[in-house]
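Here's the structure, in structure tokens; my notes come after.
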Amino acid sequence: MDPMATTEANDWRAYLMPAARERVVNKISETLQKHLPVSNAEGLKELQKIATRFEEKIFASATSQRDYLNKISLKMLSMESKAQHAPATSNTTATIEVVGLKEP
């Protein structure tokens, strides 16, 4: 096994720039806003917090940058699918739980 490949696999987080992670969080937040419309600053702030926590959880558990991006992509696709089949509700917390981004 190539020692450089092992080092890169173990240290992939060090090579992911904070700006890239911020773009991922913003994309997650945009998707949440699309499916969970909020009308005030407090709601937007809560969605941003949820997006940030979700990204941090995936970042910590991913084994590589590819795994990180795959996990986020799959969750976003799953959220899109669940949101299409979720009952209409004005309760943001209930809807977030339905799409699977809030921890129980």
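The values are calculated or read from the model by the stated rules, or taken from the named source; none is laboratory data. This structure is a prediction, so every number in the text was calculated from the model and none was measured. Please note: Cβ atoms are built from the backbone with ideal geometry, for glycine as well, and neighbour counts cover all protein chains shown. SASA here: full protein model, heavy atoms, side chains in, ligands and nucleic acids out. Shrake-Rupley method; radii C 1.70, N 1.55, O 1.52, S 1.80 Å.
At 7 Å along Cα-to-Cβ for each site, give me the label-to-label distance between Leu74 and Glu30 in nm.
Rounded to a tenth, the inter-label distance reads 2.4 nm.
What is the distance, in nm, between label points placed 7 Å from the Cα along the Cα-to-Cβ direction at Leu44 and at Glu56?
The modelled label-to-label distance comes out at 2.2 nm.
Per the 1.4 Å probe, what fraction of the accessible area of the stretch 5-70, in percent, lies on carbon and sulfur atoms?
Numbers: 2250 of 4270 Å².
So the carbon and sulfur contribution to the accessible surface is 53 percent.
From the residues Leu36, Ala20, Thr52, which one has its Cα farthest along the dipole of the stretch 8-55 in the positive direction, the dipole being from +1 and -1 charges on Cβ of Lys/Arg and Asp/Glu about the Cα centre?
After comparing all options, I get Leu36.
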